[in-house]
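The values are calculated or read from the model by the stated rules, or taken from the named source; none is laboratory data. Everything quoted here is computed from the prediction, not taken from an experiment. Because the Cβ atoms are built from the backbone with ideal geometry, glycine has one as well, and the counts that use them run over all protein chains shown. Quick note on the areas: whole protein, heavy atoms, side chains included, nothing else; ligands and nucleic acids left out. Shrake-Rupley method; radii C 1.70, N 1.55, O 1.52, S 1.80 Å.
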Amino acid sequence: MPRSGAEARRRLQQAALELYRERGFDQTTTAEIAARAGVNERTFFRHFPDKREVLFDGESDLRAALTQAVAEAPEGLQPLEILLCAFRKVERILEDNRPFAEPRLHVIAATPALRERDLAKAASIAEAVTEALRRRGVTDRLAGLAAQTGWAAFHQAVHAWIDDPSQSLDAHLLQAFDDLRALSVTALPAQARPEG
């Protein structure tokens, strides 16, 4: 039996992840997760409201850390630069959780119900970041666009980091924001484009 609530929570998360990978999300019950973790099902429900949330446990911590990092970013930055600064501050949360993050992404990708929950959680984070940008004086329209675009770049960087761990998450994040800037460079008019 786990000795602490934190240990029980960690074991439940690990057990759920193992079972989802072995059997699939839909074929796994909360009772099976609890048994694998060495606790009873009541303990599972003390920690998580349902079997989906066991994979999304850190979302509220990430949202809080991001909104705080947006608030603390240096003055004089443009909205996307504020977000890059904020994302770089919260990288440690993901880096410390990498052994769980990689298989978690694979389970989510293979499960429609989890993909839907992942999108809802991402929307919640983007809304919180939008509000944090507004509190810094960014207009509503630009705050929402920056938050959505910045979150997409962050998401892209995390997936690239999972696929290629030879580079740090920070290197992937800087590359994603460089790519984002490159996308916004004004294209040459059609008549000035070189013949291909």
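The Rg/Rh ratio for the stretch 100-143, using Cα coordinates for both the radius of gyration and the Kirkwood hydrodynamic radius, is 1.20. Shape index of the stretch 26-99: Rg/Rh, with Rg the Cα radius of gyration and Rh the Kirkwood radius from the inverse mean 1/r over Cα pairs, equals 1.19. Spin-label model, residue 120/residue 171: points 7 Å from Cα along the beta carbon direction are separated by 3.8 nm. Here the accessible area of the stretch 40-91 is 49 percent carbon and sulfur, with a 1.4 angstrom probe and all protein chains present. With Cα atoms as the point set, the radius of gyration and Dmax of the stretch 36-177 evaluate to 16.2, 53 Å.
The calculated FRET efficiency for residue 127 paired with residue 180, based on their beta-carbon distance and R0 = 22 Å, is about 0.65. Here the gap between residue 31 and residue 85, fully extended at 0.36 nm per residue and compared with their Cα-Cα distance, gives a gain of 15.2 nm.
Accessible area per residue, 1.4 Å probe, Å², for the chain: what's the number? That works out to 57 Å² per residue. Scalar couplings 3J(HN,Hα) for the stretch 73-80, obtained by applying the Karplus form with A = 6.51, B = -1.76, C = 1.60 to θ = phi - 60°, are 4, x, 5, x, 8, 6, x, 5 Hz; x denotes Gly and Pro.
Note on residue 22 and residue 110: their simple-model spin labels are 1.3 nm apart, each label 7 Å out from Cα toward Cβ.
The modelled label-to-label distance between residue 93 and residue 50, using points 7 Å beyond Cα along the C-beta direction, is 2.2 nm. Go through 82, 172, 60 and say which Cα lies farthest out towards the positive end of the charge dipole of the chain; charges sit on Cβ, +1 for Lys and Arg, -1 for Asp and Glu. Sorting the options by dipole projection puts first 60.
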